[in-house]
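Worksheet: the structure to be examined is printed underneath.
What follows draws every value from the coordinates through simple rules; no lab data is involved. Please read these numbers as outputs of a predicted model, since none were measured by experiment. Backbone-built Cβ (ideal geometry, glycine too); neighbour counts: all protein chains shown.
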Amino acid sequence: MSGKIIAGGIVAIAFAVGVAIYYLQVYYYYDDVSAETEDIALTLIGGSPEPILAENIEAINATSSPIRYRACFTTTLSHAMLTETYEIYDGAEPLVAPHWFKCFDAVEVGTALEEGRALAFLGQKDLAHGVDRVVAIHEDGRGFVWHQVNEEIKK
């Protein structure tokens, strides 16, 4: 009889730890951040980051990792103007956002990048050691921002 109680206790503790780990990873460390227009910037060709026209900005971040930043916005800038002015980012791979951050769909953004319906630009090189800020902009003006590990860390 006591073996069943001990086994039940172990299962209950394991379940509680699992719920705590899930909560910490998906909810606890993330904060809504009031992104300002200046936070949405692209790197000029051969230059430094410059804020772009952006509206309806929603952003989240976490202090636990430099790659947890995600943002969504809209812009009226055309792909033609963007490609002539700002640095293209090769190898953009959108990272999945928490399910509750509804505006950021990494699969949709990745598919749009592959199909050419969206373009990826360098937001800022080495924002943190080995981490770049990447900005993808759809043809319809929807934009997405995330932090991505660059080649310095991937080696």
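Normalising by the residue count of the chain, find the relative contact order in percent from Cα pairs under 8 Å and 6+ residues apart.
About 21 percent, as a whole number.
For a Förster distance of 35 Å, can you work out the FRET efficiency between the beta-carbons of residue 21 and residue 114, rounded to the nearest 0.05?
After rounding to 0.05, the efficiency reads 0.60.
How many angstrom lie between the C-alpha centres of the stretch 44-70 and the stretch 74-92?
If you average the Cα positions of each part, the centres end up 14 Å apart.
Compute the long axis of helix 2-23 from its Cα atoms, compare it with the longest principal axis of the Cα atoms of the chain, and write down the angle in degrees, 0 to 90, nearest 10.
Here the helix axis deviates by roughly 10 degrees.
Quick one: among 22, 86, 69, which has the greatest mean-square fluctuation in a GNM of the chain with alpha-carbon springs under 10 angstrom?
Result for the chain, Cα springs under 10 Å: 22 fluctuates most.
Using a Debye calculation, one point per C-alpha and no hydration shell, please list log10 I(q)/I(0) for the chain at q = 0.13 Å⁻¹ in order.
-0.61
Say each of residue 53 and residue 105 gets a label point 7 Å from the Cα, pointing the same way as Cα to Cβ; how far apart are those two points in nm?
Inter-label distance under the simple model: 2.7 nm.
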